[in-house]
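The values are calculated or read from the model by the stated rules, or taken from the named source; none is laboratory data. All of these numbers come straight from a predicted model, not from anything done at the bench. Quick reminder, even Gly has a Cβ in these numbers, built from the backbone with ideal geometry, and neighbours come from all protein chains shown. Side chains included, ligands, DNA and RNA excluded: accessible areas come from the protein's heavy atoms. Shrake-Rupley method; radii C 1.70, N 1.55, O 1.52, S 1.80 Å.
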Amino acid sequence: MVVGDISTGTDVLIIGGGPGGYVAAIRAAQRGLDTTLVEKDEYGGVCLNRGCIPSKALITGADLAHEAGNAEEMGIHANPAVDMAQMVDWKDGIVDRLTGGVEKLCKANGVNLIKGTATFKDENSVRVAHGGEGQGSESIEFDSCIVATGSRPIEIPNFSYADDPVLGSRDALDMDTIPERLVVVGAGYIGMELSTVYAKLGTEVTVVEMLDDALPGYEDDVANVVKRRAKDLGIDFHFGEGASEWRDSSDGGITVVTETEDGEESTYPADKVLVAVGRSPVTDTLGLDAIDLEPNDRGFLETDDYARTDIDHIFAVGDVAGEPMLAHKAFKEGIVAAEVIAGEPAALDYQAVPAAVFTDPEIATVGMTKAEAEEAGFEPLVGQMPFNASGRAMTTNHTEGFCRIVADEDSGFILGAQIVGPEASELIAEVALAVEMGATLEDVAATIHTHPTLAEVVQEAAENAEGQAIHTLNR
Ligand SMILES: Cc1cc2nc3c(=O)[nH]c(=O)nc-3n(C[C@H](O)[C@H](O)[C@H](O)COP(=O)(O)OP(=O)(O)OC[C@H]3O[C@@H](n4cnc5c(N)ncnc54)[C@H](O)[C@@H]3O)c2cc1C
């Protein structure tokens, strides 16, 4: 029998081993289902290999170098030298430990792991091509399937990732030397995080963005805190300009050409250009024609509250299933899909999905903004606490930003929060819990918070909304 003829069966087949897929696989196996996970590339997907984890590692490295070199005020006189190749090696070590951990966890939970690319043959089977010469393929039949194929960076005309000076986010996490000049195309969260990394490592960073502001989707006063700091770090912003092409320049570098809506051109010298204009879902390589499942006009697979697609026993989770494209949203959808398949009463609830941007300072949000609360028919009550009134923030030497809590005036229920400031990504967890459990302003205000901590800003913001703040003037 040739390898291609082998046909096996499984209760649940999962396509893609990123945060959506591996979590779904582990939960399905924990529920006693025979579970098979097919991954074509690296376990852990984008998040562990070329997204969340590697970017946060470099953010930590760049922060340390920058902080150490800018702490004269604290009596620290240092001029750190950064060995970028070593920093990247350190980052790769973390990635290897985590991806190895995912593989071990899957195996320990009894998940069958298969390396290869899965394409649908019909509604109950896939073909898995093992890749590589002579490795053949196999067919797998399934009762249920979870599609977790994630997303890939969008390429723009004239900026091919195959060209050496053009970097995708993955390349920007793997450079073993620090470029002197970097043009970043796109001021969304990935562009802003990586611009900050390189600006802190000493690169001259220029950001060009087609829209008229950075960090679209965030309120102006929130985004402005980050933009101000980015400008202090030397990042040069050009809004309303789309990158149209790049050319080699006579100084051995490149020139990036941009164009406004009115056709006005500008040029920026650089050594590399990082394109970070967004990501698109991976559905084109799945053979969806064979199962009569069509992505929507943005390329996502639409799902219901149970992560189910239009075909009852085929589920979709993570980036491929729509915005927000975040790892923790993928985790949750993976768990729900697996539990629904196991016959449990699980369902998705998106009212408390936090989001964090790991810029300097960080931004983190959950639930509704004031405007969204008004739109939803609430009478929002808002409380705010600036970090410059926090003793702990002062001792960390990071006092920019604020914590804002939005609640329903009638009931006091917390509807959401927007935090921009130090450790915002950690602090938002408290408000996410509050929104999820239906806590009120009083619940948060009455909770004794450790002093001195940054978390006190959340308590103070809740007290401020109630007109009861002690350490700031009440509204
Ligand atoms: C630079 C960067 C920074 C980020 N930072 C954060 C962050 O701080 N926090 C956060 O929450 N999110 C962050 N993200 C987003 C996060 O990485 C994604 O939301 C998350 O990885 C989505 O998980 P997923 O399982 O849906 O897909 P992915 O992680 O994309 O995994 C999909 C997997 O499917 C495999 N696959 C695809 N097609 C097939 C096939 N036909 N057969 C077999 N296997 C297949 C792929 O090889 C891949 O491993 C970041 C992303 C980037 C690029």
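Let a ≥ b ≥ c be the square roots of the eigenvalues of the Cα gyration tensor of the chain; is it rounded (a/c under 1.5), or, if not, prolate (a/b larger than b/c) or oblate?
It comes out oblate by the Cα gyration axes.
Would you list, by chain and number, the aspartates and glutamates whose Cα falls below 12 Å from the Cα of LYS91, excluding same-chain residues fewer than 8 positions away?
The reachable aspartates and glutamates, counting only those whose Cα sits under 12 Å from LYS91, are ASP174, ASP176.
With a ≥ b ≥ c taken as the square roots of the eigenvalues of the C-alpha gyration tensor of region 151-227, please select rounded if a/c is under 1.5 and otherwise prolate if a/b is larger than b/c or oblate if it is not?
oblate
Hey, how many Å between the Cα centroid of region 1-74 and the Cα centroid of region 88-127?
Taking the Cα centre of region 88-127 as reference, the centre of region 1-74 is 7 Å away.
What shape does region 243-285 take by its C-alpha gyration tensor, where a ≥ b ≥ c are the square roots of the eigenvalues and a/c under 1.5 counts as rounded, a/b above b/c as prolate, and the rest as oblate?
Oblate.
Once the dipole of the chain is set up with Lys and Arg at +1 and Asp and Glu at -1 on Cβ about the Cα centre, which of ALA65, ALA327, VAL282 lies farthest towards its positive end?
With unit charges placed on the Cβ atoms, the residue in question is ALA65.
What spacing in nm lies between the two simple spin-label points modelled at ALA68 and LEU233, each 7 Å away from Cα in the Cβ direction?
Simple spin-label model gives 1.8 nm for this pair.
Can you pick out the pairs among LYS56/LYS107; LYS56/LYS115; LYS56/LYS272; LYS104/LYS332; LYS56/LYS231 whose Cα atoms lie more than 23 Å from each other? Walk me through the numbers before you get to the answer.
Details: LYS56/LYS107 27 Å; LYS56/LYS115 27 Å; LYS56/LYS272 21 Å; LYS104/LYS332 21 Å; LYS56/LYS231 21 Å.
Check vs 23 Å cut-off fails for LYS56/LYS107; LYS56/LYS115.
Heavy-atom accessible area per residue, region 1-150, 1.4 Å probe: how many Å²?
Heavy-atom accessible area per residue stands at 46 Å².
Is it possible to state the helix-based mean residue ellipticity at 222 nm for the chain, with each DSSP H run of 4+ residues giving -39500 (n - 2.57), the sum divided by total residues, to the nearest 500 deg cm²/dmol? What is it?
Helices in the chain give a 222 nm mean residue ellipticity of -9500 deg cm²/dmol.
Taking R0 as 45 Å, what's the FRET efficiency between GLU261 and GLN30 from their Cβ-Cβ distance, rounded to 0.05?
For GLU261 and GLN30, the calculated efficiency is 0.30.
For LYS329, which aspartates and glutamates qualify as cross-link partners when the Cα separation must be under 18 Å and same-chain residues fewer than eight apart are set aside?
Once the sequence-local aspartates and glutamates are set aside, what remains near LYS329 is GLU302, ASP304, ASP305, ASP319, GLU339, ASP349, GLU426, GLU430, GLU436.
If you put +1 on each Lys and Arg Cβ and -1 on each Asp and Glu Cβ, how big is the dipole of the chain around its Cα centre, in Debye rounded to 20? Don't skip to the answer; put the middle values down first.
Details: 31 positive and 84 negative charges, 297 e Å.
Once rounded to the nearest 20, the dipole reads 1420 debye.
Could you check how much of the accessible area of the chain is carbon and sulfur, as a whole percent, using a 1.4 Å probe?
48
Mind checking which of SER137, SER160, ILE363 is farthest towards the positive end of the chain's charge dipole, using Cβ charges of +1 (Lys, Arg) and -1 (Asp, Glu) about the Cα centre?
Going by the Cα projections, it comes out as SER137.
Have a look at THR450, GLY412, MET394 and report the one farthest towards the positive end of the charge dipole of region 394-468, computed about the Cα centre with Cβ charges (Lys/Arg +1, Asp/Glu -1).
My answer, from the dipole projection, is MET394.
Which longest run of the chain has no exposed loop site in it, a site being GluC sites (Glu not before Pro) in a DSSP loop with at most 11 other beta carbons within 10 Å, and the site itself not part of the run?
The longest such stretch corresponds to 265-475.
Tell me, what is the percent relative contact order of the chain, built from C-alpha pairs under 8 Å that lie six or more residues apart?
It rounds to 14 percent for the chain.
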